[in-house]
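These notes concern the structure reproduced below.
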Amino acid sequence: MNAQTSTALKPSTRPETHVERIADPGNAITINGITLTAARAPRQNEVFTADALSFLSSLHREFGERIAALDPTQLQQERNFAPSPAGQQERALEEEASWKALVDRHLAQSDCAFATPRRLTRSEDRIFSQGQPLSAGLVDFGLHIHRCARRLVAEKRAPFISLLGLESEEELEIWQEMFVRAEELIGLPAGTIRAITFSSAEDDGGGAILVEKRPR
């Protein structure tokens, strides 16, 4: 892959950490432009650091509109979903367990070279920027790369991202461009992040395919 490079985001150029608590029944908290609305999970501060949230905010600002345009109907439906009054308590318990599972998964991936993010078109309705939910795929990818990529490079390994269920060329292009931008933001060598997708049984008998990133 030949990718244009730019000056990486240096610690001195990052915005100062700004924490703002907002009135919300779930005790939501906003840090560096990202609002977390889920009930607190043990050790979540190790995953959702101020620096990691700033990184997610940057990716969302640059790619959020294009991601939403991939399947706006699906994103809108998830955003407007609300449980019935009779099931609110059960829903709250499910959401708490789901959030804890998300945190635990990223804690467990701290030394893992492979990650499989959720679809870009699936919204993460517990993480918002300016009232809009972030893409679940963007969140999974961003947290994994921010937490693991530098360590993997230091160990002479590379982060591999498994892309499942790609449905369009535009979706693949967004992933490719997001890999390049993530490398720039956290100072990784160009071409560090590798993408893997899987062909169907009709295509070459099925199997893993290493996706080459395109120049910007």
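Measuring with a 1.4 angstrom probe and ignoring ligands and nucleic acids, LYS100 comes out at about 90 Å² accessible. Most simply put, the stretch 93-208 has about 55% antiparallel DSSP beta bridges, counting only bridges with both residues inside it. When the Cα gyration tensor is reduced to axis lengths a ≥ b ≥ c, the ratio a/c is 1.5 or higher for the stretch 131-200, and with a/b not above b/c it is classed as oblate. Surface calculation, 1.4 Å probe, protein heavy atoms: ARG66 sits at approximately 80 Å² accessible. Can you check what the net charge comes to around PHE63, using other residues whose Cβ is under 12 Å from the Cβ of PHE63 (Lys, Arg +1; Asp, Glu -1)? Residues close to PHE63 contribute a combined charge of -3. Ellipsoid fit via the Cα gyration tensor, the stretch 82-138: semi-axes of 24, 16, 9 Å, each the root of five times an eigenvalue, largest first.
The values are calculated or read from the model by the stated rules, or taken from the named source; none is laboratory data. Keep in mind the model is a prediction, meaning the values are calculated, not measured. FYI the Cβ positions are ideal-geometry reconstructions off the backbone, even for glycines, and counts take in every protein chain you see. Please note that ligands, DNA and RNA were not included when accessible areas were found on the heavy atoms of the full protein model with its side chains. Shrake-Rupley method; radii C 1.70, N 1.55, O 1.52, S 1.80 Å.
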